[in-house]
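K.L.:
Input: one structure, supplied below.
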There are 4 protein chains.
Amino acid sequence: MPQSSREVLLIRCTDRPGLIHSITGLLLEKGCNIVSNHEFVEPIDSVFFMRTEFFGTIPSEELKARLAGLLPEGAWIQIHTEKRQKVILFATKETHCLGDILLRHRSGELEIDIPVVISNHKELESLVTDFHLPFRYVGHEGITREEHEAMLLDILSKQEFDYIVLAKFMRILSKEFVSRFPEKIVNIHHSFLPAFIGANPYQKAYERGVKLIGATAHFVTESLDEGPILAQDVVSVDHSFTKDKLMLHGRDIEKVVLARALRFVLEHRGITWKNRVIIFR
Amino acid sequence: MPQSSREVLLIRCTDRPGLIHSITGLLLEKGCNIVSNHEFVEPIDSVFFMRTEFFGTIPSEELKARLAGLLPEGAWIQIHTEKRQKVILFATKETHCLGDILLRHRSGELEIDIPVVISNHKELESLVTDFHLPFRYVGHEGITREEHEAMLLDILSKQEFDYIVLAKFMRILSKEFVSRFPEKIVNIHHSFLPAFIGANPYQKAYERGVKLIGATAHFVTESLDEGPILAQDVVSVDHSFTKDKLMLHGRDIEKVVLARALRFVLEHRGITWKNRVIIFR
Amino acid sequence: MPQSSREVLLIRCTDRPGLIHSITGLLLEKGCNIVSNHEFVEPIDSVFFMRTEFFGTIPSEELKARLAGLLPEGAWIQIHTEKRQKVILFATKETHCLGDILLRHRSGELEIDIPVVISNHKELESLVTDFHLPFRYVGHEGITREEHEAMLLDILSKQEFDYIVLAKFMRILSKEFVSRFPEKIVNIHHSFLPAFIGANPYQKAYERGVKLIGATAHFVTESLDEGPILAQDVVSVDHSFTKDKLMLHGRDIEKVVLARALRFVLEHRGITWKNRVIIFR
Amino acid sequence: MPQSSREVLLIRCTDRPGLIHSITGLLLEKGCNIVSNHEFVEPIDSVFFMRTEFFGTIPSEELKARLAGLLPEGAWIQIHTEKRQKVILFATKETHCLGDILLRHRSGELEIDIPVVISNHKELESLVTDFHLPFRYVGHEGITREEHEAMLLDILSKQEFDYIVLAKFMRILSKEFVSRFPEKIVNIHHSFLPAFIGANPYQKAYERGVKLIGATAHFVTESLDEGPILAQDVVSVDHSFTKDKLMLHGRDIEKVVLARALRFVLEHRGITWKNRVIIFR
């Protein structure tokens, strides 16, 4: 008898009556044991979203085919069998986001593999190797963006991975690069988007005299800083917070928000729609 | 043909496979159009919770009987047909919570009727009458608690109502009184419970030097300040906040938290379990 | 012997050593009893800010002249003797911000006079008159902006007032109008500025899929939505919050943030610098 | 000519007129350049608190003696010359708080020395040594509390240190131990104190159905979990957060709150009074 595995089923399709009933009926028929179930209907576009966690023995491809037959045409269906996922980290010079992920990995909180950490600088090499993980330096100076990205792609092509996390990677990736990995690249932006899009958000926040600063984790799309938002948070500040002090406090939100977003994608809690992510917490 | 009405179905029962499928199947069979659906399984006690909003023409009693046949024995089932609900307000001397509800009522945000506002003091009479609502003064001085509550019960017995909201009603209601209205009385407590249970929470907060103060809205049960929590929030404070300044800021959270809790109960979003409320937002 | 009055002294000047010492020395010499004292030095422009509350009998003009002699050239000095201030409210159709201020006024929390409430619509008239306050309807239809503002200015010219509060006044005031009342007009904007500047912020927030929404109270300057920020706050939302539900939750932050900002200006807690406000809480 | 050093002066004394003037006068006379200055008067007990950062060449002992002559009898005066401080860390098995401090130390954000990390378990040894820091295992099993604490004291007696941070050290320290290090031991408690004092706060939070969980950093005093609060924060949760999920989210607040508190003590921003800490941010 086949071993029962933990699965996450994600569905996005045009809404119509009876969807939940027919989907749960199929799962029941196949002997699946539903652990949790969430649905949402987007009221403007009338789109149905569902996330179901279950234990079952039915092969994913068979389930997918049966669901495709049940659901409205054009339905988007994903089935993720629980496994240890692989996450490649990109960083530049800053320790806080990268180190935070490395710690969560080490403590077992994040049950992932980290095949490699890639950086365009050498500053973080000893941190990564002290955590007994492979580090690859891919400098960008003296070469074109295309050449640099070709080197990154070369490394990626030799690794299996589920996600790329930009843990304060301070290089803008080209549309060509990004378009290869849709909904696979998670970035942390050091502002409460859409406020302070672009460079130097802390400087701008200081000049604008805001009373809260924030951080935003989002999927990277071809539109810089405009990808669907996964997680956001803010912290109170006042006039006495210089740019440096804003950065200091901002770092604490950045790393926590990035970790929260990473958990969402690893647990397959998000389904994108237009420029939004429906997150089933 | 009967008019379709908006209904909220709430279910709490022992969990077992197939519940969602059979419940949605019954609703489909009866031609109900599900608008939103939430389920939750409490993992420790293995209890299933479900809230479904739908439009349908099936009489509530018939649906309830059919569901009782489908569900595990002892299932708790409620069906609320959308209607303008009646909420009786109790207050003492403070304006902020009572006035806030009166404003929300007046603006149409809260689509409720307020049959009467009852107070053990006269200070708020002109506020209530300026809002063109009936005010009843029921003083407690010179009489026993039993006599006072008998007078309150007498007024209540002559009114239909769905909920009682204690909008800063500064009298402790007896167990006898409370036990008549289970899950019908909503109170706002001026602290982040379970911190600072009892009297003078702002004074205690000042003395303890806390960095945040809060407010908690909860169902009133026989255990004072211990009823199931509906909503909570906090606001940052610092050492310069005297008791009076804490109260000033506290009032802003109190009224917002109370309004949030009231919305939950009016929209039938909560299902209690032990001393908790499952809130389907 | 003259009666001692409560005064707030505000100073903004170029920083140099010894400022606090010489200012407090002058106050001591004049027999002033300092209740609280705050200073801040803006590190980039090297500007000194100070707010001092004291009881004293020295006439303001004399104190101002003596301070001008002590302080660096070009020092900005204000002395506010405690008095009941007058605040004119502008509103349009929405109840929540206007009603909240009226309630705080009525309860005595806000110790102000409200000479008149002005609106470009008639919807709020009964609310204002039920609070026993004068209401003036100044419709804008069928006339030019200049004509409309001339009517507003005519009313203002016949009233003494300290501040104008735009409690959801949904008309853009011209630069000419605004420039007459520098740091006298407080507005509440229904977004966490600088995110979602301009119209329809809740719609934009929905489309952008943000995880927090906010409100911003600011001084009105000639640059729309760009004036110095007095107060801001946010509340968590998720994908299930439609535009209407965002507005519902947004209103609760709007009114609380506006009240907080109003308290800051009434208590003379803010000193502007460039496009910021230094708030001494 | 002596080198100018950065100093933090802390004063707590009975309030009386002229304190700021005479203190700043003395600093001016001695050629000190004040960088920032904060005062607070506790209104109930009429106690004056002041924190002044300045650059100067006057020896601390001389300044302290001069101040003692100026200030009311019994004044508490501290002068901290800027230096690299030494912080000893105590931990047990959990990675998040310890690792977070180690990362901040490594990145240079925390400019401290960590003479030793002490644990009553061996789990964290490799983490500490991978960060190239000394680790001391002091097991508590099979010996009495007195014997265990004697071993800890023995290590402490051989080290210079400014503070001890209990980074999730899951042992209760005796009154005898604690009383040796007043205002020198910082602890992180995994709840929003005073809610859920004692053991298992996440379990209690789950059972109580709270809508927010928090963390509290405080000085350790002889009263367990009752010491003066340095920093607190909260995060929203809902009914679906099991104890494990509460712990996961709680850890993110714990480490951030602990780091914030550590920054306060290292920068000498706190002055205790009764059971509170006045924090000059």
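The values are calculated or read from the model by the stated rules, or taken from the named source; none is laboratory data. Fair warning: this is a prediction, and the values are worked out from it, not measured in the lab. Here the Cβ is made from the backbone with ideal geometry for all residues, glycine too, and neighbour counts use every protein chain on show. Note: accessible area is taken over every heavy atom of the protein model, side chains too, but ligands, DNA and RNA are not part of it. Shrake-Rupley method; radii C 1.70, N 1.55, O 1.52, S 1.80 Å.
K.L.:
Residues to consider are D:72, D:59; find the one that is surrounded by fewer than 16 Cβ atoms within 10 Å (Cβ to Cβ), in the same structural domain as residue D:29 (by TED's automatic domain parsing) and at pLDDT below 95.
P.N.:
Just one listed residue meets the conditions, D:59.
K.L.:
Take the residues in segment A:1-56 that are of a type in the set (Ser, Thr, Tyr) and farther than 22 Å from residue A:84 by Cα; name whichever of them is surrounded by the fewest Cβ atoms within 10 Å (Cβ to Cβ).
P.N.:
Keep residues of segment A:1-56 that are of a type in the set (Ser, Thr, Tyr), which gives A:4-5, A:14, A:22, A:24, A:36, A:46, A:52.
Then drop every residue that is not farther than 22 Å from residue A:84 by Cα, which leaves A:14, A:22, A:24, A:46.
On the way: A:14: 14, A:22: 18, A:24: 25, A:46: 10.
So, considering only residues that are of a type in the set (Ser, Thr, Tyr) and farther than 22 Å from residue A:84 by Cα, the one surrounded by the fewest Cβ atoms within 10 Å (Cβ to Cβ) is A:46.
K.L.:
Return yes or no: is residue D:215 more than 10 Å from every other protein chain (Cβ to nearest Cβ), out of contact with any Pro (no Cβ under 8 Å at 6 or more places or on another chain) and closer than 18 Å to residue D:263 by Cα?
P.N.:
yes
K.L.:
Sticking with this one: For segment D:128-149, check the following and say yes or no: at least one residue is surrounded by 22 or more Cβ atoms within 10 Å (Cβ to Cβ) and either in the same structural domain as residue D:220 (by TED's automatic domain parsing) or in contact with a His (Cβ under 7 Å, 6 or more places away or on another chain) (or both). Give the steps one after another, and end with the answer.
P.N.:
Start the filter on segment D:128-149 by keeping residues that are surrounded by 22 or more Cβ atoms within 10 Å (Cβ to Cβ), which leaves D:128.
Cutting the leftovers down to either in the same structural domain as residue D:220 (by TED's automatic domain parsing) or in contact with a His (Cβ under 7 Å, 6 or more places away or on another chain) (or both) gives us D:128.
The answer is yes, given that some residue of segment D:128-149 is surrounded by 22 or more Cβ atoms within 10 Å (Cβ to Cβ) and either in the same structural domain as residue D:220 (by TED's automatic domain parsing) or in contact with a His (Cβ under 7 Å, 6 or more places away or on another chain) (or both).
K.L.:
May I ask you to verify whether residue B:75 is hydrophobic (A, V, I, L, M, F, W, C) and more than 30 Å from residue B:9 (Cβ to Cβ)?
P.N.:
When the stated conditions are applied, residue B:75 does not pass them.
K.L.:
I've got another one for you. Is there a residue in segment A:246-266 that is of a type in the set (Asp, Glu) and buried (at least 21 other Cβ atoms within 10 Å of the Cβ)?
P.N.:
Yes.
K.L.:
For the structure I just gave you, tell me whether residue C:169 is within 14 Å of another protein chain (Cβ to nearest Cβ), surrounded by 17 or more Cβ atoms within 10 Å (Cβ to Cβ) and either modelled with pLDDT under 95 or outside any helix (DSSP H, G or I) (or both). Working first, answer last.
P.N.:
Values: within 14 Å of another protein chain (Cβ to nearest Cβ): no; surrounded by 17 or more Cβ atoms within 10 Å (Cβ to Cβ): yes; either modelled with pLDDT under 95 or outside any helix (DSSP H, G or I) (or both): yes.
So residue C:169 does not fit the description; no.
K.L.:
Just to be sure, is residue C:268 modelled with pLDDT of 95 or more and on the phi > 0 side of the Ramachandran plot?
P.N.:
Answer is yes for this residue.
K.L.:
Condition check: surrounded by 17 or more Cβ atoms within 10 Å (Cβ to Cβ) and either part of a strand (DSSP E or B) or in contact with a Lys or Arg (Cβ under 6 Å, 6 or more places away or on another chain) (or both). Does residue B:110 satisfy that?
P.N.:
yes
K.L.:
Can you tell me which residues in segment B:150-166 are hydrophobic (A, V, I, L, M, F, W, C) and open to solvent by less than 60 Å² (accessible area, probe 1.4 Å)?
P.N.:
B:150, B:152, B:153, B:155, B:156, B:161, B:164, B:165, B:166
K.L.:
How about segment C:220-235: which of its residues are among the hydrophobic types (A, V, I, L, M, F, W, C) and modelled with pLDDT under 90? Talk me through it step by step, then tell me what you get.
P.N.:
Filtering segment C:220-235 down to residues among the hydrophobic types (A, V, I, L, M, F, W, C) leaves C:220, C:224, C:229-231, C:234-235.
Scanning segment C:220-235 gives a single hit, C:224.
K.L.:
When you go through (1) among the acidic types (Asp, Glu); (2) more than 27 Å from residue B:235 (Cα to Cα); (3) over 15 Å from the mean Cα position of the chain (by Cα); (4) modelled with pLDDT under 95 one by one for residue A:238, which number turns out not to apply?
P.N.:
Failing condition for residue A:238: (2).
K.L.:
Another question, then. Hey, can you tell me all the residues within segment B:17-60 that are part of a loop (DSSP other than H, G, I, E, B) and within 10 Å of chain A (Cβ to nearest Cβ)?
P.N.:
If the condition is that a residue be part of a loop (DSSP other than H, G, I, E, B) and within 10 Å of chain A (Cβ to nearest Cβ), then B:17, B:18, B:31, B:32, B:43 are the ones that fit.
K.L.:
Can you report the number of residues in segment B:197-212 which are more than 7 Å from every other protein chain (Cβ to nearest Cβ) and either surrounded by 24 or more Cβ atoms within 10 Å (Cβ to Cβ) or within 24 Å of the chain's Cα centre (by Cα) (or both)?
P.N.:
Summing the residues that are more than 7 Å from every other protein chain (Cβ to nearest Cβ) and either surrounded by 24 or more Cβ atoms within 10 Å (Cβ to Cβ) or within 24 Å of the chain's Cα centre (by Cα) (or both) in segment B:197-212 gives 7.
K.L.:
May I ask you to verify whether residue D:217 is modelled with pLDDT of 95 or more and small (Gly, Ala, Ser)?
P.N.:
Against the criterion (modelled with pLDDT of 95 or more and small (Gly, Ala, Ser)), residue D:217 qualifies.
K.L.:
Could you pull out the residue among C:93, C:64, C:86 that is in a helix (DSSP H, G or I) and not hydroxyl-bearing (Ser, Thr, Tyr)?
P.N.:
Values: C:93 fails: in a helix (DSSP H, G or I); C:86 fails: in a helix (DSSP H, G or I).
Within the list C:93, C:64, C:86, the selection yields C:64.
K.L.:
Something else about it: Quick test for you: out of D:226, D:176, D:222, D:254, pick the one residue that is part of a loop (DSSP other than H, G, I, E, B), away from chain B (no Cβ under 14 Å) and not hydrophobic (A, V, I, L, M, F, W, C).
P.N.:
Result: D:222 is the single residue among D:226, D:176, D:222, D:254 that is part of a loop (DSSP other than H, G, I, E, B), away from chain B (no Cβ under 14 Å) and not hydrophobic (A, V, I, L, M, F, W, C).
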